[in-house]
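Structure record follows, encoded as structure tokens.
Derivation of every value follows stated rules applied to the coordinates shown; laboratory data play no part. A quick note: this is a predicted structure, and the numbers were derived from the prediction, not measured. All Cβ positions, glycine included, derive from the backbone under ideal geometry; neighbour counts span all protein chains shown.
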Amino acid sequence: MTNVIGKTFGLKASELAALKRLARRRVRPEDALSVELAREMAELSAELGARIGVLLDRGGRVCCVSVGDAREMPLPPDARGDATNLRLSGLRLVHTAQSGAAGHAAGEFARADLVDLLRRRLDLSLRINVSPEGIVESVTRAAIEPPNRAGTAFRVEIIRSLNDLLGTFARDTAALEEELARLRPRARDLAPRERAILVGVWHGDRGAAERSMAELAALAESSGAEVVDTVMQRRFRPDPRSFIGHGKVWELSVLALHRAADVIIFNHELGPGMARNLEDELPVKLIDRTQLILDIFAQRASSAEGKLEVELARLVHALPRLRTDGERMGQIRGGIGSDRGVGEPQKELNRRTIKRRIAQIEERLAHISAQRAELRKRREKNTIPVAALVGYTNAGKTTLLNRLTAADSPAGPQLFMTLESTSRRFVLPSGRRTIIVDTVGFIRDLPPGLMRAFEATLEELRGADVLLHIADAGDRDVFRHIEVVEEVLGEIGLGDRPRILVFNKIDRVDLGAFKPLCGGRPAEFVSALAPDLRARIGELLDGVLPGAPEARRAAPRESKSLLEE
């Protein structure tokens, strides 16, 4: 039997029985609503002094009966459509409202009801306007609108006669779904990619904000998404509840429908409460910048260690954001093996499970870190110097490693192609052997959880005798990226480690015009495509790595300040 959900506390047994009888009603598939069901709901709503709602499937069966109030109409969490395939949910909501009630003027839908229509992708939402005597005065009909010149997301109309709701529902719904399906190009059906809308809030330098959004777009593309629109809002400070304000959230919801978006990506880290508020109002999946980076890391991780580090970062990020569908009590747990008493909330069970898993992963990563420390000791014993490549993501570190050592590590234009440390031997011009280490790239506002999770990987940097700071000369934000890398190095305790600044990809710039922009920074200028790359980097390292003859420690005149102590 269909359950009655919502605000049922205090209802008499006879009233609950009357509500359950609504579930026995059937509506013809071609009708939006039957006269009998509408009249019965109106009478019962007036008798109880409450809003009543039913969800009908396309077969005309009642799936759910709900009791609400002027502010909300509770619905089951699984009552929503497939935004990815632009399908409607196959459900329509019929609900009552007392005529003259706040927010329920004739012909106007409450915003919460419209949000439900869009977020749950309902076939239809019908509001029965009920007089104090329990008589149906009219029905307000709301349906999703395909994109149009007016930019409206809904079509709302008043139905004066219940007979006008008969006979056309199935045909109208099929036509609407056909219109919505046209929003997604057919070519995407062959190789579907998530369609993303990017959202950013800024104040101050618009140019810097646009570059930040361009980086977010690159992150989204690297994760496999297709950016279909970008929204930038100028405001002095984020809205404490919804980050961009309720009005902008509404516009974003409409835009998501009209652009056939699957996901909305915020260029900021959203707090747990703010994320929940947005999830409750937006019709598609929501992620923030940190989650996007974590998603890329999860795709790139290949080794057991890398997968553990990514899992740890995701768990640390998810822990304060746990939520359940209502805070209902979970399954009864007790007895041997249980950590708490009977009736513990499900969220607390999830929280403790995550904490236990975090502790397990940290223990395993600590073991890996100890193994690496032992390996570094053996290198030191054998007096093998180590040079580590560091830099902003996509600066070309892995390509340099491949060219220098004939390695075949995956490299490409996508961000964060390298996650795990890679060590390769390199023979210097003097004949000495050295180790070159490539590690994960850095990025602005690197989430603290990632720093903590990748501690074992970053340990490789601490064992390096010199750091080669690789910067992309062809990136217009290169000098800001250099600052970000220096900040991260300071945060992980490597601010005083000897390092050499190497501008890579100089084949993409006019070197004569670029050098003056460097402001006298001591640096080396290279291209991973240059035939003399091995010789130049080899000579550079030969002069600065431990064990070099005194005669070679002085850098050539062209690069006389390559090493920053």
Original post:
Cα gyration tensor of the stretch 260-301, axes a ≥ b ≥ c as square roots of the eigenvalues: rounded (a/c below 1.5), prolate (a/b > b/c) or oblate?
Top reply: oblate
Original post:
So what's the net charge close to residue 160: Lys and Arg +1, Asp and Glu -1, counting the other residues with Cβ under 12 Å from its Cβ?
Top reply: -2
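For residue 427 and residue 406 in the same chain, what is the full-extension length gain: residue separation times 0.36 nm, less their Cα-Cα distance, in nm? Walk me through the intermediate numbers first.
Values: separation 21, 0.36 × 21 = 7.56 nm, distance 1.17 nm.
The residue 427-residue 406 span can extend by a further 6.4 nm.
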Original post:
What is the set of long-range amide H partners of residue 64 at a cut-off below 5 Å, with H atoms built 1.01 Å from backbone N?
Top reply: 55
**OP:** Take the Cα coordinates of the stretch 1-60, assign each an equal point scatterer, and use the Debye formula without solvent to give log10 I(q)/I(0) at q = 0.28 Å⁻¹.
**Re:** -1.36
**OP:** Rounded, prolate or oblate: pick one for the stretch 421-533, where a ≥ b ≥ c are the square roots of the eigenvalues of its C-alpha gyration tensor, a/c under 1.5 means rounded, and failing that, prolate if a/b is larger than b/c, else oblate.
**Re:** oblate
Subject >> Taking the stretch 188-299 and dividing mean pair separation by its residue count, relative contact order in percent (alpha carbons under 8 Å, at least six apart) >> reply: 32
**OP:** Of the DSSP beta bridges with both residues in the stretch 192-296, give the percent that are antiparallel, rounding to the nearest 5.
**Re:** 5
Original post:
With a 10 Å Cβ neighbour count serving as the proxy for reagent exposure, in which order, fewest first, do 398, 422 appear?
Top reply: 422, 398
Subject >> Overall form of the stretch 354-468 per C-alpha gyration tensor (a/c, 1.5; a/b vs b/c) >> reply: oblate
Original post:
What is the sum of charges around residue 306, taking Lys and Arg as +1, Asp and Glu as -1, for the other residues whose C-beta is under 12 Å from the C-beta of residue 306?
Top reply: -2
Original post:
Between residue 148 and residue 71, what FRET efficiency follows from the Cβ-Cβ distance if R0 is 41 Å, with the result rounded to 0.05?
Top reply: 0.85
**OP:** Could you check the simple spin-label distance between residue 285 and residue 302, using points 7 Å along Cα→Cβ, in nm with one decimal?
**Re:** 2.4
Original post:
Can you give the charge dipole size of the stretch 1-49 about its Cα centre, rounded to the nearest 20 debye, using +1 on the beta carbon of Lys and Arg and -1 on the beta carbon of Asp and Glu?
Top reply: 220
Subject >> Computed FRET value (nearest 0.05) for residue 174 with residue 221, which takes r as the C-beta separation and R₀ as 30 Å >> reply: 0.25
**OP:** Counting only C-alpha contacts under 8 Å and six or more residues apart, can you give the relative contact order of the stretch 4-181 as a whole percent?
**Re:** 23
